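Student: Take this structure first; my questions come after.
The values are calculated or read from the model by the stated rules, or taken from the named source; none is laboratory data. Since this is a predicted model, take the numbers as computed values, not measurements. Here the Cβ positions follow ideal geometry from the backbone for every residue, glycine too, while neighbour counts run over all protein chains shown.
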Amino acid sequence: MANFYNDNPDLKHHLQHPLMQKIVELKERNFADAETYDYAPLNFEDAMDSYDKVLEVVGEICGGKIAENAEGVDHQGPRVENGRVIYADGTQENLELCRKAGLMGMAMPRRLGGLNFPITPYIMAADIVSRADTGFENLWGLQDCAETIYEFADEDQKQRFIPRVCKGETMSMDLTEPDAGSDLQSVMLKATEQPDGTWRLNGVKRFITNGDSDIHLVLARSEDGTKDGRGLSMFIYDKRDGGVTVRRIENKMGIKGSPTCELVYKNAKAELCGSRRMGLIKYVMALMNGARLGIAAQSVGVSERAYREALAYAKDRKQFGKAIIEFPAVYEMLAVMKAKLDASRALLYETSRFVDIYKIYEDIAKERSLTPDERKEMKAYTKLADACTPLVKGMGSEYCNQNAYDCIQIHGGSGFMKDYACERVYRDARITSIYEGTTQLQVVAAIRHVTTGTYLNMIRDYEAQEIKDSLKPLRDNLIALTEKYEKAVAAVMEVKDTTYTDFMARRMVEMAGNIIMAYLLILDANRNDAFTASAEVYNKIAQTEVAKHADFIANFTPAQVEMYKA
Amino acid sequence: MSLNIIVLAKQVPDTRNVGKDAMKEDGTINRAALPAIFNPEDLNALEQALRLKDANPGSTVTLLTMGLPRASEIIREAMYRGADAGIVLTDRVLGGADTLATSYSLAQAVKKFGNYDIILGGRQAIDGDTAQVGPQIAEKLGIPQVTYAEEILDLSNGHVTVKRRLENGVETVKAPLPCVVTVNGSAAECRPRNAMRLQKYKYAASTSEKEKLSDELKSLLEKRPYLNIAEWSAAYVDADPQQIGLPGSPTKVKAIENVVFTAKESRCIDNDDAQIEDLVKELIANHTIG
């Protein structure tokens, strides 16, 4: 049986990034937990060894049972009986395995029953789980929601709910409603305060992933008469209290094992999480950022799966007397798939490291006041994480769709049949560029980092790093591309029209993304020769993409936007 | 009721993926070419033991293995999955043992261990496939044995009730404790390694491994007694030198041959349900499948 961690040395490469030392030392506060907890690390090497060993368990379970169950789960799917969701048999088995392996609440602190893993190895687990069963990654990955409770709920709530998640109870985030999808300000679910301080929820939620979970985070309107985001608060609903039923589950194109529910709240008892009115503007924003990183990991897992399925088939399938991988048209596709996979994975872990550092500082700030240097560093990393999260979610999910498409293409007619895993991969991939904010909305979040120069500063930092001589021509190429990017951005900004900026936003964001990912691959290749081919191939992709967008912008006049209007 | 449970386990070469170089020219196993693994049915036995532990809080599961010093690897593996402690019975004079000598040696170790309620083990090891060691240990200890166990249905009032998987069905039997239960591969799969336990027990080391550790880890093992894996010698378990190792093994291997099955005749059947069904029945009857 395959081990999805051990069979993929790229993961170890990313886990062993030099910045991990800083992350682990901050996260473990000088390894103080070792005195209290028999499973806490003694030092940096010990911690890294533990991540490695636990990921090996993740890889074993994923390469074994979870991957094996994926097809059955896709066919059987969950169902609703008496207002409750019943998972597919394989899903139940997968969840039980993850619970027994202790893979729930991985990033939660030890005092609440977690493993206290940094985000980076946790995200790596998500990457691996998604390769095995993309839909299951959702159920497993919703342990993310515990992070929101940890960050914003009071101590009593943390003590009551987080250990339950660590023991394997599942979570959901109930945000979307029939009339509030991308526009969450329109959420109508009504929250009414009771004399005893608890709340009652009434209304309907739609498209809720794992909506019959044990512990729900619910966005609801606590301020009567308000209409915008400032009237919304975050609530915790405990299934044990009852009051929420599942009216139906959606019949979806992909990720079929993950139940997408319509929920009816009838006087459901709930408790406030954090402060009133902060639900959308603060908590959901934080929750979404975490969830977006999760979807980016899910996307990379899909890309990996698509690439491997395509590679195996291309080696095996013979036409005209030889394996099809020997034809330029096919090996080019595979090289491009691998380059996109490696590029998005490089950005995924770069982002997760940024998130790690600022979140750890935020957590430390609850224990003591940060030094001015630490505060400065936290701010810088927060900004980098903010800039990279929509970039990797947006581009990573688009790449996984492209890879899933090419995977089918390499399979030819067979890929169109239900006989191969690639058709499921293709269907599962499709949602990644839609949920937790469409690619278009990721661009909206990312564009200010084009206009304020965050991306350019990142690029300059990468440019300044020491690299091997053999990689310098690739860097020279990127220096030229950066010039094109700057010129294009300047041309758009010069018009001083927000509609025009919006119109060109995706192009500019993608140019920045191309250059950043190309740099990350150079740095990966600098540390590990295995990435040289992808660094070269992605450099070519970046070159053509940046040139294409630059050319479009250079040959466009603002008045031409009119032609595109419906 | 808390139980003292012993699980017998063996580290074996992974014969499920045998390649060309699996055997040396002299007919012995080329251990270098085959990874050493936890004997699969011993993992099924471990799971039954851990279920007993789950159902009876305060119970302990101790893994007992005989083999090379490196067999401590499977003890750590068992600890990651839920076992509390382990003993490696290892000694040069134990080498070359057949099932008679092995079961004698292990029975001596069990006697040394003393107070136990139940002994579980896999039905058989994939290297020898004899299925003799478990039953022989029961005989030597003078306690009952239940073989081919698929599930322990109940353990109470000094008795264990076991579902056995037999060739043509299942049988439920009850035996007084203490007894030996050997577990079939059709029993529940063993639970996975647990992330927390893995971190807790990863430095567990046997006496000989401990000597090679850094001072920091040596002192960790002193602070945390549960990290110490016992290593027992033949003398420690009061084994009679004539009954162990080669002297204690009447079985002598003369030669090992690599038998390649070849098809001698072929038969054609029509593609209809009746004929296919007849063939399937025939293949089940002569044990080709099933």
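Student: I'd like the residue in the range B:123-137 that is under 14 Å from B:Ala101 (Cα atoms) and of a type in the set (Val, Ile, Thr) and, out of all such residues, is modelled with the highest pLDDT.
Tutor: Taking the candidates together, the pick is B:Ile137.
Student: Among residues belonging to the range A:471-489 that are free of Cβ contacts under 8 Å to residues at least 40 places away in the same chain and not aliphatic (A, V, I, L, M), point out the one that is farthest from A:Ser534 (Cα to Cα).
Tutor: Of everything passing the filter in the range A:471-489, A:Glu486 is farthest from A:Ser534 (Cα to Cα).
Student: Can you tell me which residues in the range A:53-74 are within 11 Å of another protein chain (Cβ to nearest Cβ) and among the charged types (D, E, K, R)?
Tutor: A:Lys53, A:Glu56, A:Glu60, A:Lys65
Student: Same structure, new question: Taking the range B:219-237, which residues are buried (at least 16 other Cβ atoms within 10 Å of the Cβ), of a type in the set (A, V, I, L, M) and more than 12 Å from chain A (Cβ to nearest Cβ)?
Tutor: B:Leu221, B:Ile229, B:Ala230, B:Ala234, B:Val237
Student: Of all the residues that make up the range A:43-52, how many are surrounded by fewer than 17 Cβ atoms within 10 Å (Cβ to Cβ) and facing chain B (nearest Cβ under 9 Å)?
Tutor: Residues flagged as surrounded by fewer than 17 Cβ atoms within 10 Å (Cβ to Cβ) and facing chain B (nearest Cβ under 9 Å) within the range A:43-52 amount to 2.
Student: Being closer than 21 Å to A:Tyr349 by Cα, touching a residue at least 60 places away in the same chain (Cβ under 8 Å), assigned to a helix (DSSP H, G or I) and touching a helix residue (DSSP H, G or I) at 6+ places or on another chain (Cβ under 7 Å) is the requirement here; does A:Val443 meet it?
Tutor: Here the answer is yes, as A:Val443 does meet what is asked.
Student: Another question, then. Within the range A:94-117, which residues are without any contact (Cβ under 8 Å) to a residue 40 or more places away in the chain and more than 10 Å from chain B (Cβ to nearest Cβ)?
Tutor: Selection gives A:Arg111 alone.
Student: Given the structure, is A:Gly135 more than 14 Å from chain B (Cβ to nearest Cβ) and in contact (Cβ under 8 Å) with a residue 40 or more places away in the chain?
Tutor: Against the criterion (more than 14 Å from chain B (Cβ to nearest Cβ) and in contact (Cβ under 8 Å) with a residue 40 or more places away in the chain), A:Gly135 qualifies.
Student: Test of understanding: among B:Ala107, B:Ala83, which residue is over 30 Å from A:Asp38 (Cβ atoms) and out of contact with any Pro (no Cβ under 6 Å at 6 or more places or on another chain)?
Tutor: That would be B:Ala107, the only listed residue that is over 30 Å from A:Asp38 (Cβ atoms) and out of contact with any Pro (no Cβ under 6 Å at 6 or more places or on another chain).
Student: Another question, then. Farther than 27 Å from B:Ala101 by Cα and assigned to a loop (DSSP other than H, G, I, E, B): is that true of B:Tyr236 in this structure?
Tutor: no
Student: Of all the helices (runs of 4 or more DSSP H) wholly in the range A:1-120, which have at least 1 residues that are farther than 16 Å from A:Trp140 by Cα?
Tutor: Helices (runs of 4 or more DSSP H) meeting the threshold: A:9-15, A:20-27, A:44-61, A:67-76.
Student: How many residues, within the range A:304-356, are crowded, with 17+ Cβ neighbours inside 10 Å and over 14 Å from A:Ile410 (Cα atoms)?
Tutor: 19
Student: Something else: Taking only the range A:9-36 into account, find how many residues are surrounded by 15 or more Cβ atoms within 10 Å (Cβ to Cβ) and within 13 Å of chain B (Cβ to nearest Cβ).
Tutor: Result for the range A:9-36: 4.
Student: Ok, one more. Please work out if A:Ala88 is on the phi < 0 side of the Ramachandran plot and either within 21 Å of the chain's Cα centre (by Cα) or without any contact (Cβ under 8 Å) to a residue 60 or more places away in the chain (or both).
Tutor: no
Student: Looking at the structure I just gave you, is A:Lys418 part of a loop (DSSP other than H, G, I, E, B) and surrounded by fewer than 19 Cβ atoms within 10 Å (Cβ to Cβ)?
Tutor: Yes: the conditions hold for A:Lys418.
Student: Six or more apart or on different chains, Cβ under 8 Å: which pairs go from a residue in the range A:237-250 that's polar (S, T, N, Q) to one that's assigned to a strand (DSSP E or B) and surrounded by 13 or more Cβ atoms within 10 Å (Cβ to Cβ)? Could you list them?
Tutor: A:Thr245/A:Leu263; A:Thr245/A:Val264
Student: Give the range B:245-268 a look and list any residue that's farther than 18 Å from B:Met23 by Cα, of a type outside the set (Ser, Thr, Tyr) and surrounded by 10 or more Cβ atoms within 10 Å (Cβ to Cβ), or say none.
Tutor: If the condition is that a residue be farther than 18 Å from B:Met23 by Cα, of a type outside the set (Ser, Thr, Tyr) and surrounded by 10 or more Cβ atoms within 10 Å (Cβ to Cβ), then B:Gly245, B:Leu246, B:Pro247, B:Gly248 are the ones that fit.
Student: Quick check on this structure: which one of A:Thr499, A:Thr544, A:Thr482 is crowded, with 18+ Cβ neighbours inside 10 Å and over 24 Å from the mean Cα position of the chain (by Cα)?
Tutor: A:Thr482
Student: Go through the range B:142-199 and tell me which strands (runs of 3 or more DSSP E), entirely inside it, have 3 or more residues that are of a type in the set (Lys, Arg) and more than 14 Å from every other protein chain (Cβ to nearest Cβ).
Tutor: It comes to B:159-166.
Student: For B:Tyr104, are the conditions met, namely being crowded, with 18+ Cβ neighbours inside 10 Å, of a type in the set (Phe, Trp, Tyr), in a helix (DSSP H, G or I) and touching a residue at least 60 places away in the same chain (Cβ under 8 Å)?
Tutor: The answer is yes for B:Tyr104.
Student: If the requirement is being touching a helix residue (DSSP H, G or I) at 6+ places or on another chain (Cβ under 7 Å) and not polar (S, T, N, Q), which of these qualifies: A:Pro18, A:Pro41?
Tutor: A:Pro41
Student: If you don't mind, another one. Based on this model, can you work out whether A:Gly114 counts as of a type outside the set (S, T, N, Q), at pLDDT below 95 and either under 29 Å from A:Asp38 (Cα atoms) or in contact with an Asp or Glu (Cβ under 9 Å, 6 or more places away or on another chain) (or both)?
Tutor: Spelling it out, it is not the case that A:Gly114 is of a type outside the set (S, T, N, Q), at pLDDT below 95 and either under 29 Å from A:Asp38 (Cα atoms) or in contact with an Asp or Glu (Cβ under 9 Å, 6 or more places away or on another chain) (or both).
Student: Assess whether B:Glu216 counts as being more than 14 Å from every other protein chain (Cβ to nearest Cβ) and in a helix (DSSP H, G or I).
Tutor: For B:Glu216, the condition - more than 14 Å from every other protein chain (Cβ to nearest Cβ) and in a helix (DSSP H, G or I) - is not met.
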